[in-house]
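Contents: one structure, followed by commentary.
The values are calculated or read from the model by the stated rules, or taken from the named source; none is laboratory data. Just so you know, these numbers come straight off a predicted model, no measurement behind them. FYI the Cβ positions are ideal-geometry reconstructions off the backbone, even for glycines, and counts take in every protein chain you see. Note: accessible area is taken over every heavy atom of the protein model, side chains too, but ligands, DNA and RNA are not part of it. Shrake-Rupley method; radii C 1.70, N 1.55, O 1.52, S 1.80 Å.
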Amino acid sequence: MSAATFRPQPRQMLKRLRDVMAGPGSAQERLDQVVKVIAADMVAEVCSVYIKRAGEMLELFATEGLKSESVHQTRLRIGEGLVGDIGAHARALALADAQAHPQFAYRPETGEEAYASLMGVPILRSGRVLGVLVVQNKTRRQYSEEEIEHLETIAMVLAELVATGELIKPTEMLSTEGNAMLPSRLEGVRINGGLGIGHAVLHQRQVIIRRVVAEDADEEILRFREALAGMQSAIDRMIDAVDRDGAGEHRDILETYRMFAEDRGWIGRIAEAIKTGLTAEAAVQKVQNDTRARMAQVTDAYLRERLLDLDDLAARLLQHLSGDVDLLVDLPPADAVLIARSMGPAELLDYERGTLRALVLEEGSPTSHVAIVAKALDIPVVGRVSGILSKVEAGDQVIVDGDNGIVMVRPGDDVMDHFATAMVARQERQQAFAALRHLPAETRDGNHVSLLLNAGMLADLTHVEETGASGVGLYRTEIPFMIRSAYPDLPSQIDIYQRVIDRLGDRPVVFRTLDVGGDKRLPYFTYDDDENPAMGWRAIRISLDRPAMLRHQLRAMIRAAAGRPLSIMFPMVSEVAELDSALAVLAMEVARESARGASLPSPLSVGVMIEVPALCWQIDQVLERVDFLSVGSNDLMQFLFASDRGSPLLADRYDTLAPAMMKLLQLLVQKADAAGKPITVCGEMAGRPLEAMALLALGYRRLSMTPAAIGPIKTMVRSLDVAAISPYVCSLIESTDHSLRHKLRSLAKDHGVIV
Ligand code: PEP
Ligand code: MG
């Protein structure tokens, strides 16, 4: 048989391999046999097995074809050479001319210069690289997809032999790197703020696969189908439970997830793998390995998110296959810090909410589904902590500082004391804030201040009662759009807005129309890449270019209000003409609903976000057209100073308390006051006590912020005599200082303002 006509015969091969592996002899002898069998099967001159040893090394353990003296001598670091590259990325490599590859690392003791082509796959078990399996040929040959698949299946079987611990000591295979007992401080990125202390729970859903090669493929298919059905109904039950709890977004996320659980391609790939002779468990794990390898290469956020969902589903399916669906029962109940490579939203909801102190992810981004759910549950989250799973053991003490994106593993006593004190202080502060809930947000000199919430999920609304906020000053409607996998149709949109209005009762809510584009992308919407997305095709610009979308949204809001009050505002408006276009679309929708005989919102208030400096120069004309203004200080600041709000390099470069920004903010409040129109600040600065103090001094009386900021801001408000500081603050505006922060802080101190 020539290489060109080689067709893998998976089932016979797997059986042969299993017989050798279960046969007589030492583990090394069996492995020596195994490489011979594989080389013959693959029609390759060389077959080698490299096994991962302590110190991130891959050691040649057995070979057919390379010089025998190189066995146990040739070692490659993970990442070194082609073999190291396969190990580092856990992905297959197939090269017709291996030596021409820039990664090729020549090892003279092996004699491998005689072989031109190379195909290698990782030996994986439970997502970890145990080694690398390689075949080589003298001729320059192109390995087919089918052959790569076949070699991957063989590697699955081989993983069993490696994992028995007969080849290297089980202690050497332990996952933790270095000295596991030393404290370590790991940095990641902030995904959700807050502080959590607890004991590590490794979220790995490790299901040990005991059988890899199947006796009867039909029976395995049947087992797979049963497990799949079991998993699907478990997700249905989860959806029902969420319905009972009334948290709408969880339902949407789970429904997307449920959709993936029916994905034909995914199910088909598993069934195919079973037909090659693997057990159902091994087939699921093989497809999961493929998903993970793809994930490592995908940079598109949406696609990654989908692959994460598939990875999560595979883990869930394995549990159903093993009958171990109650994995969560033996979790330490009291204070879990969940550590995961990545996690699906449904998985987080699996855990007992009351026991979760924090979540740490090796991957994860602030817009991932799990992050959105974690925020709604108010759990601190740090993401992109590289290698965390290999540095933590279950039960280790862990501190998660979500505010600063820091994770401390096995902290020393002094660090522990420091954080325990910080936690207590934080809790005490929160209790003190909660006690303020029913007290008015009124300054010492009798000025009432409206403290409002920024929200974007139904779960955020639970904070309204908790904090005593007087309503929602900014409802970011793009959030419910972002967590869905498809554009929400009119009934779904009506449902979203209705729930929000119902939930808030008499308290007002301001709905902002879609602010997508920039970094906020809708998974189902195609964008051309803007060179400068924050200044690109986003927010009202998209809404006006796609008026059907805006009309849908406005129609849904009008219908949801059904005769009740409704406030709508438009984001990122740059000129009056743009505002007029948006108002015309709104007028059209109102007329349409009126013609239908629908009950129109009463009153209907319309506002505009002040985020683009150009609009400030048309503020008089703007005020003639709208009922209220809302200052988006995050964007206003970035455009005023031409300074990217997301750039860590510029984070401290310019200050919102700079005279120029203050002067503009003063102009806006003066204009709004003169026109008798309410003006709110809804950017981050409204939730910072010192900045909020300055805003009050300038004349602002409405601030909208994240729930956690309400307590500190109310405390500040109640300690402040506005009239006493206002003239001085206004005089500072003419200063040419870089920032007024320093002077304002001293002022607060002198006047006993709690900031
Ligand atoms: C702002 O820009 O200040 C604002 C509130 O809008 P967002 O943060 O959603 O861009
Ligand atoms: Mg904005």
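Computed from the C-beta positions of Leu649 and Lys275, the FRET efficiency with R₀ = 60 Å rounds to 0.65.
With Cα atoms as the point set, region 85-128 shows a radius of gyration and Dmax of 11.8, 35 Å. Rounded to 0.05, the FRET efficiency of the Val424 and Glu56 pair, given R0 = 35 Å and the Cβ-Cβ distance, is 0.30. Just check region 633-755 against the gyration tensor rule for me: Cα atoms, a ≥ b ≥ c as the square roots of the eigenvalues, rounded for a/c under 1.5, and otherwise prolate or oblate depending on whether a/b exceeds b/c. Rounded shape, in that the Cα axes give a/c under 1.5. Solvent-accessible area per residue in region 378-431 equals 47 Å², computed with a 1.4 angstrom probe and all protein chains kept. Amide H contacts of Val472: Leu453, Val509, Val510, each under 5 Å away and 5 or more positions distant or on a separate chain (H built 1.01 Å from N in the peptide plane; Pro and chain starts excluded).
Projecting label points 7 angstrom from Cα along Cα→Cβ for Met416 and His751 puts them 4.5 nm apart.
For Asp528 and Glu166, the difference between the fully extended length at 0.36 nm per residue and the C-alpha to C-alpha distance is 124.9 nm.
Pull out the extension gain between Tyr487 and Arg77, defined as 0.36 nm times the separation in residues minus the alpha carbon to alpha carbon distance; nm, one decimal. Before the final figure, lay out each step's value.
Numbers: separation 410, 0.36 × 410 = 147.60 nm, distance 4.72 nm.
Working it through step by step, the gained length comes to 142.9 nm.
Here the spin labels are modelled as points 7 Å beyond Cα on the Cα-Cβ line, and at Ile267 and Leu604 they lie 4.6 nm apart.
One decimal place: the segment Ala114-Ser26 gains 28.6 nm when fully extended, by the rule 0.36 nm per residue minus the C-alpha distance. When the Cα positions of Thr443, His463, Ala371 are compared along the charge dipole of the chain, Thr443 comes out farthest toward the positive end, with charges on each C-beta of Lys, Arg, Asp and Glu. Would you please give the FRET efficiency between Asp218 and Ser386, computed as 1/(1 + (r/R0)^6) with r the Cβ-Cβ distance and R0 = 51 Å, to the nearest 0.05? About 0.70, to the nearest 0.05. For region 3-172, the solvent-accessible area with a 1.4 angstrom probe is 42 square angstrom per residue. Relative contact order of the chain: 9 percent, from C-alpha pairs under 8 Å at least 6 residues apart in sequence. Checking every one of the GluC sites (Glu not before Pro) in region 647-755 against DSSP loop status and a limit of 11 other Cβ atoms within 10 Å picks out Glu734.
What number comes out for accessible area per residue over region 442-750 if the probe is 1.4 Å? Units Å², please. Let's see the in-between values first.
On the way: 12260 Å² over 309 residues.
Ligands and nucleic acids excluded, the figure is 40 Å² per residue.
Under the criterion of Cα pairs below 8 Å and six or more residues apart, the relative contact order for region 30-80 equals 30 percent.
When the charge dipole of region 673-755 is built from unit charges on Cβ atoms (+1 for Lys and Arg, -1 for Asp and Glu) and taken about the Cα centre, the candidate among Gly752, Leu732, Ala709 whose Cα reaches farthest toward its positive end is Ala709.
Among DSSP beta bridges lying fully in the chain, give the percent that are antiparallel, nearest 5.
Values: 47 of 84 bridges.
Close to 55 percent.
Pairs to check: Lys36/Lys275; Lys36/Lys391; Lys52/Lys286; Lys286/Lys375; Lys275/Lys391; Lys375/Lys714. Give those whose C-alpha atoms are more than 31 Å from each other in this structure.
Numbers: Lys36/Lys275 25 Å; Lys36/Lys391 37 Å; Lys52/Lys286 20 Å; Lys286/Lys375 33 Å; Lys275/Lys391 38 Å; Lys375/Lys714 22 Å.
Result: Lys36/Lys391; Lys286/Lys375; Lys275/Lys391 exceed 31 Å.
Surface composition of the chain: carbon plus sulfur atoms contribute 50% of the solvent-accessible area (1.4 Å probe, protein chains only, all chains present). Distance between the 7 Å Cα→Cβ label points at Arg507 and Ser594: 3.3 nm.
Placing a label point 7 Å from the Cα of Ser144 along the Cα-to-Cβ line, no residue of region 21-57 has its backbone N under 13 Å from it. What is region 217-322 by shape, rounded, prolate or oblate, if you read a ≥ b ≥ c off the alpha carbon gyration tensor as root eigenvalues and call it rounded for a/c under 1.5, prolate for a/b larger than b/c, and oblate otherwise? Judged from the Cα gyration tensor, region 217-322 comes out oblate (a/c at least 1.5, b/c at or above a/b).
Of the residues Ala539, Gly683, Pro565, the one whose Cα sits farthest toward the positive end of the charge dipole of region 442-750, with +1 on the Cβ of Lys and Arg and -1 on the Cβ of Asp and Glu, is Pro565.
Please report the relative contact order for region 442-750, taking Cα pairs under 8 Å with a sequence separation of at least 6, and give it as a percent rounded to a whole number. Intermediate values should be presented prior to the final figure.
Numbers: 543 pairs, mean separation 60.4, N = 309.
Once divided by the residue count of region 442-750, the mean separation gives 20 percent.
Charged side chains reduced to their Cβ positions (Lys and Arg at +1, Asp and Glu at -1) give region 217-322 a dipole of some 300 debye around its Cα centre.
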